[in-house]
Amino acid sequence: MHHHHAHGHAPAGLTGSLIADHETILTALERLELRLGDMKRRGVVDVETVNKFLVFARSFIDRCHHGKEERCLFPCLERRGIPREGGPIGVMLYEHELGRKLVRELDGLLKSYSEGKTGPEAVFNKCEEYIQLLRQHIAKENNVLFPAGESVAESEDVREVTECYEAIEGKEVGHEVHEELERLAKEL
């Protein structure tokens, strides 16, 4: 599933590009979960693997993917009448913030684990908390918010939002890095 966005083969619709990102994210979460299973059996945190995941989480999930949603998609949906406060967008924004907080906490735990100040359990638990949050978050977007967005979108929205995605991807991580990160997700 290689989408070279830069070459104009972006997936269709208002949210196709985000759904493709979700696939990449779910792959990374699956890989992390497999590795966690190994770590738990050994009772040891593989710091390098978790660090690689953190790089992926910060660049791909946060800056790039959530950036595309927060700066491109959500403003468009609000213009088309999908409410932020008390609506699905507010919930998604809250969960993005929660995700960022868990990433910061995991980073801190990993450092203190490396210094021998924290046991492996705390790291495992935080990873699982993050995996769970993201899976249910992605399910809500794919099943509820995105279909709602597609149903209210006008054709000019699709063009504008797609250009906005490209700009964010280029600015936040760069198209090459985006593809690097897609590879990293599969190699965790």
Residue 34 assigned to a helix (DSSP H, G or I) and surrounded by 14 or more Cβ atoms within 10 Å (Cβ to Cβ): no
Criterion (of a type outside the set (D, E, K, R) and surrounded by fewer than 21 Cβ atoms within 10 Å (Cβ to Cβ)) met by exactly one of 109, 73, 54: 54
Filter pass, residue 71 being under 18 Å from residue 157 (Cβ atoms), modelled with pLDDT of 95 or more, basic (Lys, Arg) and part of a helix (DSSP H, G or I): yes
Residue match in the stretch 119-129 (condition: in contact with a helix residue (DSSP H, G or I) (Cβ under 6 Å, 6 or more places away or on another chain), farther than 30 Å from residue 85 by Cβ and free of Cβ contacts under 8 Å to residues at least 60 places away in the same chain): yes
Every residue from the stretch 137-156 that is in a helix (DSSP H, G or I) and among the small types (Gly, Ala, Ser): 139, 148, 149, 151, 155
Near pairs, Cβ below 7 angstrom, 6+ apart or cross-chain, from the stretch 38-54 (part of a loop (DSSP other than H, G, I, E, B)) to any residue that is surrounded by 15 or more Cβ atoms within 10 Å (Cβ to Cβ): 43/120; 44/120; 45/39; 45/113; 45/120; 45/123; 46/35; 46/39
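The values are calculated or read from the model by the stated rules, or taken from the named source; none is laboratory data. On a predicted model such as this, the values are computed, not experimentally measured, just so you know. FYI the Cβ positions are ideal-geometry reconstructions off the backbone, even for glycines, and counts take in every protein chain you see.
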